Each structure stands twice: as structure tokens, then as C-alpha cells.
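Beneath this line is the structure, given in C-alpha cells, with notes to follow.
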Amino acid sequence: MKITALAGGVGGAKLAHGFSKLLDSNEFNVIVNTGDDFEHFGLYISPDMDTVCYTLAELSNSKTGWGRENESFNVLETIKELGGPEWFILGDKDIAYHLERTRKIKMGYSLTRTSLELERALGLKHKIFPMCDEKVSTFVDTVELGEIPFQEYFVKHKCQPIVSGFRFNGIGSARITEEAKNSLEQADIVVICPSNPFVSISPIISLEGVREILKQKYVIAVSPIIGGAAVKGPLAKMLNELGWDIHPRSILRMYQDFLNCFYIAPEDFDEDIKNNASGIIVKEENIFLPNINSRKKLAFNIINHMKEIQH
Ligand code: FO1
């Protein structure tokens, strides 16, 4: 059984963590959004790649979900003393990771090669692919501040501005990497992790040809909305500001042209969503993933569902 997951940051990393515990290196890969990537202090920072890699390596900060556990902040403290920008929190070990990524990229390595080498150094057995090697930058259109870069919206302005749209700069000329494309084409199932559909999954599926591949595959998505709220991050606020219901049915609508099966929480499950899913199987399951047991359990249930379908 081969599974390829599409993931953004913290929510996506949790389910990917579950699969990584159950499947071998040749059975599971992740393709990660790079629209959040940006340069800060001259460093190439790839927040969603970092979060997925740190989570699978079990190095991630258990409170925030991003950054590393047992961090020190000497560099950031010193930057503060020097009057430099302190809005984006970078720990010392994390800075070392970004320095090494930046060094490799400056040497001419692609983001994919750089990422795979860093993953090996972290001891990861599964491959985590950036969606593309070209630069794609997410911009958020806001009512108060106009269009701003994603990390400024997310971290500097703490997701407070009202959202009116998104733009993925560079998406038209970016191409899904050969590695990520092969992984999608060879997968028995593609799992869309419980990540933000607007800013984490949309950049991946907006790459030329990706939707067409998904339409040929058995695609399972896990809702990032539970009981009228996002498990983490600004998704509920974004849905509300863009005029969508804060309900898994909104997520289902966004994915419906390629989705086969949708996992939602028991509190969101009713006859209405089941009957109006246009042929998509809606499954009721615990999709709250705070710890390794819940992550493994959901991954196990998804694998079992796939085995049933294959028989
Ligand atoms: N998220 C925050 O809310 N505040 C931060 O200061 C912050 C720093 C940071 C540093 C490295 C990294 O890899 C991720 C970091 N994140 C931070 C998370 C990240 O910016 C967002 O979670 C994603 O871009 C959204 O998926």
C-alpha cells in the first residue's frame, strides 16, 4: 500500500506523523506546501517543511507545534538588544537548520535536494518533498492593509486583518517536482491532511497538472474543522470572512471535484452532510490528533478503509 499525503504545517504534520509510524519508507511520502516560504535575515525559511520534518523526527515544540523542543533563544535575544526585527521567533537550533538550508541553496542545490539531505540528517526514513523547487509566495489580501506577505499576516499581524482573498505569486511558472509527481502517480491513495485548504493545500493543488492527477486517484481528506472551529490557526476566521460556513461541508465543497472520501468528527456528522456529498463517502471518526495514539489510530483507520475498498 502506497500513500502520499499533501500537507501544510501543524495540522497536516500530525496526521503525517501517524502514518509515518505505521508505514515503511517505500509506502509513505509527504508533499508539502512551500507557499509560506520566505527570506528573513537572509535565511531561507520553509515553515511547513520545517514543521512536518520536525514533527516526524519528534523534535517539534509540543506547545506551539512549530519550532523545536528544548530550544534556546540567544540569537533572537541578541537581535532584540540590537534593535532588529523580533516578530518572527527563531530558536538557535532552528536558525542552524535555516543556515544549513540557505548554504546548500546558495551552493546551487535545488530545494528538493536540500530538503532530502536535511531530512537524512534528522534521521527521517520517509521522504518529505517540497511541492516545487521554484519560488512560490502566498500573499493575503486584507481589508485593512491591502495585500501582505503570508508570514506578515500570520505572525506579525497575528491573523487579525480581515481576509478578502489569496494570491500565490509564481504559481503559474512553478512546476510540481518530478519526485513529488512520481510519488502522487505511484500512490494507491492520496490523503489530504487536515491543513488549511486556502493557504496550505490550495498552493499544492494549483500547480499545473496536480488536480488532473488527483482526479485519477482515490483521494481521502480529513476535515481541519471540528465542531464549528479550526483545530489550530486562522481557518475558521478566514471561512467566516470569505462568506463560507464554518463547517466541514465548506471543505468538502472545495475538494469535491477530486474527492472520494471525507473524514469528519462525530459532532459534525449528520444525514445532511452524508446525503449531500455527491457520491463522496463521508466517514465519522475521531479526527482530533493531540497525541501519537490518536494520530496512529486515524492513520490505521484510513489504511483499513483503503484495504476494504481494494477488496
Ligand atoms: N508561527 C508563529 O505563530 N509565530 C512565530 O514566531 C513563528 C516562527 C516560526 C519559525 C520557524 C518556522 O518553521 C515556523 C514558525 N512559525 C511561527 C510557524 C509558521 O510561520 C506557520 O505555522 C506556518 O507558516 C503556517 O502553516
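The set of residues in the stretch 77-89 being more than 12 Å from the ligand (Cβ to nearest atom) and of a type in the set (Val, Ile, Thr) consists of 78, 79. When the criteria are applied in full, residue 181 fails the requirement of being over 29 Å from residue 268 (Cα atoms) and within 16 Å of the ligand (Cβ to nearest atom). In the stretch 107-126, the qualifying residues are those that are free of Cβ contacts under 8 Å to residues at least 12 places away in the same chain and assigned to a loop (DSSP other than H, G, I, E, B), and the one that is nearest to residue 28 (Cα to Cα) is 109. Look at (1) of a type in the set (Gly, Ala, Ser); (2) at positive phi; (3) surrounded by fewer than 17 Cβ atoms within 10 Å (Cβ to Cβ) and you find that residue 229 fails only one, number (2). Considering the conditions (1) assigned to a loop (DSSP other than H, G, I, E, B); (2) open to solvent by less than 80 Å² (accessible area, probe 1.4 Å); (3) not hydroxyl-bearing (Ser, Thr, Tyr), residue 104 is excluded by exactly one of them, (1).
The residue that is nearest to residue 30 (Cα to Cα), counting only those in the stretch 54-76 that are more than 10 Å from the ligand (Cβ to nearest atom), free of Cβ contacts under 8 Å to residues at least 40 places away in the same chain and open to solvent by less than 90 Å² (accessible area, probe 1.4 Å), is 69.
Comparison of 183, 200, 250, 195 shows that the only residue that is within 24 Å of residue 299 (Cα to Cα), small (Gly, Ala, Ser), assigned to a loop (DSSP other than H, G, I, E, B) and in contact (Cβ under 8 Å) with a residue 24 or more places away in the chain is 195. One residue stands out among those in the stretch 240-272 that are open to solvent by less than 50 Å² (accessible area, probe 1.4 Å) and touching a Ser or Thr at 6+ places or on another chain (Cβ under 6 Å): the one that is nearest to residue 304 (Cα to Cα), which is 264. Scanning the stretch 273-288 for residues that are open to solvent by 10 Å² or more (accessible area, probe 1.4 Å) and under 18 Å from the mean Cα position of the chain (by Cα) returns a single hit, 288. Screening residue 94 against (1) open to solvent by 50 Å² or more (accessible area, probe 1.4 Å); (2) within 17 Å of residue 154 (Cβ to Cβ) leaves a single unmet condition, (1).
The values are calculated or read from the model by the stated rules, or taken from the named source; none is laboratory data. Fair warning: this is a prediction, and the values are worked out from it, not measured in the lab. A quick note on method: Cβ atoms are made from the backbone with ideal geometry, for glycine too, and the neighbour counts reach across all protein chains shown. Each accessible area value is taken on the protein alone, full model and side chains, heavy atoms only, with ligands, DNA and RNA left out. Shrake-Rupley method; radii C 1.70, N 1.55, O 1.52, S 1.80 Å.
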